[in-house]
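The values are calculated or read from the model by the stated rules, or taken from the named source; none is laboratory data. All figures in this text were calculated on a predicted structure; none of them were measured in a lab. Virtual Cβ from ideal backbone geometry, glycine too; neighbours counted across all protein chains shown. Heads up: the accessible areas ignore ligands, DNA and RNA and are worked out on the full protein's heavy atoms, side chains in. Shrake-Rupley method; radii C 1.70, N 1.55, O 1.52, S 1.80 Å.
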Amino acid sequence: MRVELFQPESVTEPRHWVRHDQAFAMMLGTGSIEWGSRRSAIEKFDYAAGDLALCDRHHGEWVGLMNTRHLQIGISDAALMTASDGANGEVGLRPRRKFADPRLGALVAAVHTEMVAGFPSGQLFVDSVEQAMAVALVNGHAVRNRPVPIYRGGLGSARLRRIKELVHAKMEDDLSLDEMAQSIGLSTAHFARMFRKSTGETPYQFVLRQRMERAKAMLRAPDARVLDVAVACGFKTQQHFAQVFRDVCGVSPTQYRQDSLDSEVICASETHAENTLRL
């Protein structure tokens with residue numbers, strides 16, 4: 001997935017752009033863009049924050065920017081094809097100058113937040129968002145609208161066990177959705193749907209939960225450094241780990257460790273008191 005932030009500081013004259021990947025943009029503020037398939041047929045569109053535009057592909061467009069800050073996302077052909085249930089060749093999407101799509105908008109907003117932070121959540125997060133974007137684009141904007149099939153059942157116990165083993169073995173690494181899918185011989189899109197059917201979680205949610213469980217176990221040791229816990233659980237920085245831990249667990253890693261130690265002291269005191277009474 002390609003992610004680019006455009007922040008034009010002034011009005012730019014219309015230029016001819018040709019895109020060879022499937023791209024769409026979300027406006028991050030108010031502004032205007034001039035669009036046209038020909039230089040003589042340019043129209044001006046006014047945008048508010050959150051408005052989307054789906055770009056034409058291969059044929060090229062004339063585009064002029066007017067102080068319009070926006071995020072442009074390029075979706076890979078592989079993601080679009082797997083979202084189309086293995087369609088061969090390119091997946092055609094209808095270009096649209098201005099439209100609203102709450103699901104796509106929320107996904108782009110998540111990518112923007114992640115980009116501003118330096119992509120701390122890793123490749124699996126980016127892969128998962130790209131696949132979700134591809135499904136939304138195929139279902140809502142494909143030239144031949146083919147809904148993504150719904151699969152019954154889910155992954156078998158052997159495949160789930162293999163995934164869990166892979167996650168635990170590579171907890172410190174930057175896992176990708178494609179790596180998880182390949183480990184059990186499935187396409188990325190099929191794996192993501194079947195995994196959620198089996199567990200009720202996306203692969204990213206599952207990996208994050210496993211990381212949090214390991215983090216809590218490590219933090220219960222009185223001499224564990226938060227930085228060491230962060231690295232062992234696959235986080236790039238201690239700050240990002242602390243933020244995610246607080247979001248998931250409701251307290252900071254330091255507070256969680258202190259609460260755990262206090263709880264152990266209380267339990268030990270109660271046990272000692274009970275033994276004394278028996279005597």
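First select every other residue whose beta carbon is under 10 angstrom from the beta carbon of Y256; then total the charges, Lys and Arg +1, Asp and Glu -1.
On the way: positive: K216, R220, R246, R257; negative: D259.
Every neighbour counted, the sum reads +3.
Taking every pair of distinct Cα atoms and averaging 1/r, then inverting, what Kirkwood hydrodynamic radius in Å comes out for region 111-221? Don't skip to the end; give the middle numbers.
Details: mean 1/r = 0.0656 Å⁻¹.
Taking the inverse mean of 1/r over all distinct Cα pairs, region 111-221 comes out at 15.2 Å.
Send over a whole-number figure in Å² for the accessible area per residue of region 179-226, probe 1.4 Å. Provide the component values of the computation, followed by the final result.
Working: 2250 Å² over 48 residues.
Accessible area per residue: 47 Å².
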